[in-house]
Amino acid sequence: MSDDDLAVRIRDLDVTFATDGGDVHAVNGIDLDVRVGEVLAVVGESGSGKTVTARSVLGLLPETAQVDGAIVLSGTDVVEISRERLRKVRGTEAAMIFQEPMTALNPVFPIGWQIAEGLRAHTRIGRWEARSRAVDILRRVGIPDPERRVDDYPHQFSGGQKQRIVIAQALVLGPKVIIADEPTTALDVTVQAEILDLLRRARDEFGTAVLLITHNMGVVADLADRVAVMYRGDIVETAGTVELFAAPRHPYTQSLLAAVPRLEIADRAYAGDPGGAPVVRADGLEIEYPGRFGSRGFRAVDGVSFEIRPGEVLGLVGESGSGKTTIGRAMAGLAPVTGGSLRVLGAELNGIRERDFRARRRDIGFVFQDPASSFNPLLTVGACVAEPLLVHGVAQGEADDRVADLLEAVRLPRDFARRYPHELSGGQRQRASLARALVLEPKLVIADEPTSALDVSVQARVLELFSELQERFGFAALFITHDLAVVDLLAHRVAVLHRGRIAEQGRTADVLGAPRDAYTRRLIASLPVPDPVVQAQRRAEWERIARPAS
């Protein structure tokens, strides 16, 4: 294949980082080609080297990195050129879409100014022409009313709109290749579907090649033409998307695909007492946050009714802003109930005083989305897990024994109790978070997006562990997520939340297998599945639902 057919040609790329603990070899002499007009997905777990490879293309690695080999963009080896020439290549030959758009956008400048900044840095156009082109690119990426919104600031846009703005920044100079580093990880499935559609149109309408970095195999099946699988700094397999999903050759690829949760409409039988008193019962629940300086408040939850029986897992799904986390926090006594009724473990939370609810918190466990921020970094893992026991008056020796037993229950060695949170991987920290939630043998566990930031193989192990522990200890659970495949795997029943109201609820198999509400159907159609043939059919269904004929 000639260089004219390649947007990026990587040969013998080797990357080593100098650290206080010695050199860390991140990429081991790999070869990789990105063809003109194709989407190449590079997949693998955290630490596999995929993001390091992508950032090498634009010279975005820190000064501690030693880069060897060749990375050729339009006949120029970016490894060898000066920083001044590299700045000219960025944006014009290749551009980057970062994982978190809020950190990529400057909060103190309007988004139109930020898009125009790249144009003025690389061309001689005037201010008004740059603004006009910013408006045009915003319109092409689907920002409504771009003539007005070009002067708005990043915080005035939703998460999906901010990601569209970052894509507009990448496209405005017409680069030959876009490097998209986990561009949909933090997005809801409906917004994710829109962003994937936008990247697909960037390839088809702009002729842009896309180097996609992701661990979401559903996204790969939906968007990629070819796939390169990375494992510990090596590329272990490269193939067309259909071929790789149909017949993966390398054992690591096989295990990666096997770990992906799939929407199979499983019927998880409830083994508890259907006639028992509910652990949680909401009836017309309202939660409203007060406005500032006399302005109207915001009603986050509006007339919601549901119940959770002993030993039952209720999956609560919906997009960001639907009120899922607010309900979970209210059940734990962390958000005030302003209307209706919410009974948790026999206590009515509407109007309850904190000191009256404090004793019941012993029976509630909470699993947070990001365990790294919920653990005290100055305490050992054992001390973090034991803290609830000590708060409730359990003796230190008894607490140590209980912690050791629980660490084994969540498949962590007992000696991990002496480690600090930063010494554990993301999956290990989430297992320790599960241990802390269960240390007081709760009757109710509230899990708020506990696997959304994990690699698929780590996520699979944590979900399997959660299911085993729920059956073993028999606690009721509210599992908050936007991933319907996770709900299908874990929940006995599911409630779909939309703009603070329940759109639909019932047995998981009924709601996911035969959804009655239009919003639920759109949510299911937006979920990419790890099968490129099936996903092509689902994409057509999503387009029919998302863009009905006028």
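Scanning segment 466-479 for any residue that is surrounded by fewer than 22 Cβ atoms within 10 Å (Cβ to Cβ) and over 25 Å from Leu345 (Cβ atoms) turns up nothing. The sole residue among Gly351, Gly365 that is out of contact with any Gly (no Cβ under 6 Å at 6 or more places or on another chain) and more than 18 Å from Ala491 (Cβ to Cβ) is Gly351. If I go through segment 488-522 residue by residue, how many of them are within 19 Å of Glu264 (Cβ to Cβ), among the β-branched types (Val, Ile, Thr) and either in contact with a Ser or Thr (Cβ under 6 Å, 6 or more places away or on another chain) or in a strand (DSSP E or B) (or both)? Summing the residues that are within 19 Å of Glu264 (Cβ to Cβ), among the β-branched types (Val, Ile, Thr) and either in contact with a Ser or Thr (Cβ under 6 Å, 6 or more places away or on another chain) or in a strand (DSSP E or B) (or both) in segment 488-522 gives 2.
Residues checked against (1) of a type outside the set (Phe, Trp, Tyr); (2) within 27 Å of Ala130 (Cβ to Cβ); (3) surrounded by fewer than 21 Cβ atoms within 10 Å (Cβ to Cβ):
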| residue | (1), (2), (3) |
| --- | --- |
| Gln169 | yes, yes, no |
| Thr185 | yes, no, yes |
| Leu212 | yes, no, no |
| Gly218 | yes, no, no |
| Arg232 | yes, no, yes |
| Ile235 | yes, no, no |
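Filter segment 422-437 down to the residues that are modelled with pLDDT of 80 or more and touching a helix residue (DSSP H, G or I) at 6+ places or on another chain (Cβ under 6 Å), then identify the one that is farthest from Met331 (Cα to Cα). Out of the qualifying residues, it is Arg429.
Listed by first and then second residue, the pairs with beta-carbon distance under 6 Å, at least 6 apart or on different chains, first residue in segment 213-240 and touching a residue at least 40 places away in the same chain (Cβ under 8 Å), second surrounded by fewer than 24 Cβ atoms within 10 Å (Cβ to Cβ) and of a type in the set (Phe, Trp, Tyr), are Tyr231/Tyr252.
One residue stands out among those in segment 462-513 that are of a type in the set (Asp, Glu) and over 20 Å from the mean Cα position of the chain (by Cα): the one that is nearest to Arg431 (Cα to Cα), which is Glu468.
In this structure, does Arg120 turn out to be out of contact with any strand residue (DSSP E or B) (no Cβ under 7 Å at 6 or more places or on another chain), free of Cβ contacts under 8 Å to residues at least 24 places away in the same chain, over 18 Å from Glu147 (Cα atoms) and assigned to a helix (DSSP H, G or I)? Considered against the rule, which asks whether it is out of contact with any strand residue (DSSP E or B) (no Cβ under 7 Å at 6 or more places or on another chain), free of Cβ contacts under 8 Å to residues at least 24 places away in the same chain, over 18 Å from Glu147 (Cα atoms) and assigned to a helix (DSSP H, G or I), Arg120 comes out as yes.
Pairs meeting the criteria (first residue in segment 410-422 and of a type in the set (A, V, I, L, M), second residue surrounded by 15 or more Cβ atoms within 10 Å (Cβ to Cβ) and assigned to a loop (DSSP other than H, G, I, E, B), beta carbons under 8 Å, at least 6 apart or on different chains) are Ala417/Thr380.
The sole residue among Glu117, Glu129, Glu80 that is charged (D, E, K, R), more than 28 Å from Gln254 (Cα to Cα), outside the structural domain of Gly160 (by TED's automatic domain parsing) and over 27 Å from the mean Cα position of the chain (by Cα) is Glu80.
With respect to the conditions (1) touching a helix residue (DSSP H, G or I) at 6+ places or on another chain (Cβ under 7 Å); (2) touching a residue at least 24 places away in the same chain (Cβ under 8 Å), Glu387 falls short on a single one, namely (1). For beta carbons closer than 9 Å, sequence separation of 6+ or different chains, a first residue in segment 191-209 that is assigned to a helix (DSSP H, G or I) and a second that is among the aromatic types (Phe, Trp, Tyr), the qualifying pairs are Ala193/Trp542; Asp197/Trp542. Examine segment 461-470 for a residue that is under 15 Å from Gln369 (Cα atoms), touching a helix residue (DSSP H, G or I) at 6+ places or on another chain (Cβ under 6 Å) and outside any helix (DSSP H, G or I), and state whether such a residue exists. The answer is no, given that none of the residues of segment 461-470 is under 15 Å from Gln369 (Cα atoms), touching a helix residue (DSSP H, G or I) at 6+ places or on another chain (Cβ under 6 Å) and outside any helix (DSSP H, G or I). Would a scan of segment 35-44 turn up a residue that is farther than 29 Å from Asp204 by Cβ and either among the aliphatic types (A, V, I, L, M) or exposed (fewer than 14 other Cβ atoms within 10 Å of the Cβ) (or both)? Within segment 35-44, not a single residue is farther than 29 Å from Asp204 by Cβ and either among the aliphatic types (A, V, I, L, M) or exposed (fewer than 14 other Cβ atoms within 10 Å of the Cβ) (or both).
I'd like the full set of residues that are of a type in the set (A, V, I, L, M, F, W, C) and either within 21 Å of Arg309 (Cα to Cα) or modelled with pLDDT of 90 or more (or both), limited to segment 319-351. Outline the logic, then answer.
Of segment 319-351, the ones of a type in the set (A, V, I, L, M, F, W, C) are 327, 330-332, 334-335, 337, 342, 344-345, 347, 349.
Within segment 319-351, Ile327, Ala330, Met331, Ala332, Val337, Leu342, Val344, Leu345, Ala347, Leu349 meet the criteria.
If you take the residues in segment 407-461 that are within 14 Å of Ala386 (Cα to Cα) and of a type in the set (Gly, Ala, Ser), which one is surrounded by the fewest Cβ atoms within 10 Å (Cβ to Cβ)? Applying the filter and picking the extreme gives Ala417.
Hey, could you check segment 63-79 for residues that are out of contact with any strand residue (DSSP E or B) (no Cβ under 8 Å at 6 or more places or on another chain) and of a type outside the set (Ser, Thr, Tyr) and say which is nearest to Ala7 (Cα to Cα)?
Here is the first cut: in segment 63-79, the residues out of contact with any strand residue (DSSP E or B) (no Cβ under 8 Å at 6 or more places or on another chain) are 63, 74-76.
Narrowing further to those that are of a type outside the set (Ser, Thr, Tyr): 63, 75.
Working: Glu63: 26, Gly75: 10 Å.
Filtering segment 63-79 for residues that are out of contact with any strand residue (DSSP E or B) (no Cβ under 8 Å at 6 or more places or on another chain) and of a type outside the set (Ser, Thr, Tyr), the one nearest to Ala7 (Cα to Cα) comes out as Gly75.
The values are calculated or read from the model by the stated rules, or taken from the named source; none is laboratory data. If you're wondering where the values come from, they're calculated on a predicted model, not measured in any experiment. All Cβ positions, glycine included, derive from the backbone under ideal geometry; neighbour counts span all protein chains shown.
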